[in-house]
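Okay, structure first, notes after.
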Amino acid sequence: MPSSRLRPEVPFDKDGKHEGFVRLYNSVHESAYGFIPIPIVVIRNGDGPTALLMSGNHGDEYEGQVALCRLAQELQPRNIKGRVIIFPMANFPAAMAGRRTSPIDGGNLNRLFPGDPDGTVTQQIAYFISSVLVPMIDVSVDLHSGGSSLMYVPSALARTPDDKDQAARVLKYVKAFAAPVAYLSTASQGTGDDRTLSGLIVARGKIAIGTELGGSGTVTPAALRMAERGIRNVLVEAGILPEGARLPGEVPTRLLEVGGNEWFVYTPEPGVFEPLVELGDTVKAGQPAAQIHFPETPWRPAVEVPFLHDGFVLCKRIPGRTQRGDCLFHLGTDIDA
């Protein structure tokens with residue numbers, strides 16, 4: 001496997017707390033010999049498991065970035081056994097711009113794994129994570145939310161592998177996260193061309209936990225509490241933090257599954273989106289989900305868009321103006337586990 005061109009300033013195998021940058025050299029008009037400084041914190045105390053805690057995979061998702069800033073300041077080597085890698089602005093150009101994708105190359109980091117060592121800036125970041133960070137780890141937490149265009153019921157999530165023993169381990173971590181809602185999908189539901197970080201990590205036989213912490217380009221106290229509690233509980237479950245650091249959830253976790261296209265509602269026409277339900281509602285197939293209005297031709301009747309499946313409303317679109325193909329809602333369905 002070719003070496004990554006990114007150069008970390010911090011050691012990974014030395015005890016202590018190490019703060020610095022991963023240098024992505026990027027020669028541009030404004031800075032001929034410059035580098036993109038991606039922040040990283042490595043905390044190590046002896047041998048033990050390794051956790052990768054990541055946010056900023058999409059740059060307009062802020063809850064995880066705030067939670068990892070706090071953890072990077074608070075967590076000390078004496079608190080842990082093993083190693084914690086904190087990577088709070090994974091797609092640094094996107095995070096600095098407050099955008100889902102990179103302003104440099106348009107790259108969506110979470111659709112580019114395993115990346116390319118000689119590719120675009122975002123492909124090089126994906127390759128560094130895939131080839132340098134992922135081989136070290138036992139468990140990852142990739143903190144997402146709905147970003148600028150979506151709002152979620154704050155949730156944990158995981159892709160469960162087909163192997164039953166590994167799937168049981170994943171479920172233990174999901175429950176340990178202690179989110180009020182968690183949803184699962186199976187690796188076999190994919191197309192075989194999964195370019196996400198979680199897909200990569202599951203394919204390599206490791207534990208991948210994710211979140212959808214809210215969204216709308218904001219940070220809410222409830223979502224932040226959930227993220228901070230969940231991160232610590234994952235570290236406890238991994239054996240990195242002691243059992244006494246585990247924090248109970250506010251309510252038992254409601255487990256849902258997300259299936260195929262029928263779980264999603266898409267805009268059939270460009271126009272203005274009027275939601276007819278709220279986050280957290282329970283809906284039935286055929287029930288009206290939204291109306292699309294046409295202010296540019298106000299005499300035209302609105303188009304009604306139905307749900308295609310029964311379920312719990314996990315997510316809804318935020319901007320009112322939509323284009324054909326925009327996701328308006330997606331659902332989860334209760335499962336027994």
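Read the figures in this text as sums done on the coordinates, not as results from a lab. The shown structure was predicted, so the numbers you read here are calculated from the model rather than taken from an experiment. Every residue, glycine among them, receives a Cβ derived from its backbone with ideal geometry; neighbour counts consider all protein chains shown.
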Estimated dipole of region 261-334 in Debye, rounded to 20 [Cβ of Lys and Arg +1, of Asp and Glu -1, Cα centre]: 220 debye
Can you show me the helix-derived [θ] at 222 nm for the chain, built from DSSP H runs with n ≥ 4 at -39,500 (n - 2.57) apiece and divided by the number of residues, rounded to the nearest 500. -5500 deg cm²/dmol
For VAL181, residues with placed amide H under 5 Å, excluding near neighbours: ALA156, ARG254
Interchain or sequence-distant (5+) residues whose placed amide H lies within less than 5 Å of the amide H of SER145 are LEU213
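Counting other Cβ atoms within 10 Å, keep those with at most 14, restrict to DSSP loop, and tell me which chymotrypsin sites (Phe, Trp or Tyr not before Pro) in region 251-337 are left.
TRP299
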Checking ILE129, ILE201, ILE36 against a Gaussian network model of the chain (alpha-carbon springs below 10 Å), the top fluctuating residue turns out to be ILE36
For the modelled label position 7 Å from the Cα of PHE294 along Cα-to-Cβ, which residues of region 263-278 have backbone nitrogen atoms closer than 13 Å? 268-272
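Could you put MET89, MET54, MET96, MET1 in order, starting from the residue whose Cβ has the fewest other Cβ atoms within 10 Å?
MET1, MET96, MET89, MET54
How big is the charge dipole of the chain about its Cα centre, in debye rounded to the nearest 20, if each Lys and Arg gets +1 on its Cβ and each Asp and Glu gets -1 on its Cβ? Mind dumping the intermediate values first?
Details: 32 positive and 37 negative charges, 159 e Å.
That gives the chain a dipole magnitude of about 760 debye.
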For region 313-318, what does the Karplus curve 6.51 cos²θ - 1.76 cosθ + 1.60, with θ = phi - 60°, yield as ³J(HN,Hα) per residue in whole Hz, taken in order and with x for Gly and Pro? 6, 7, 8, 9, 6, 9
Top mean-square fluctuation among SER140, SER148, SER31, Gaussian network model of the chain, C-alpha springs under 10 Å? SER31
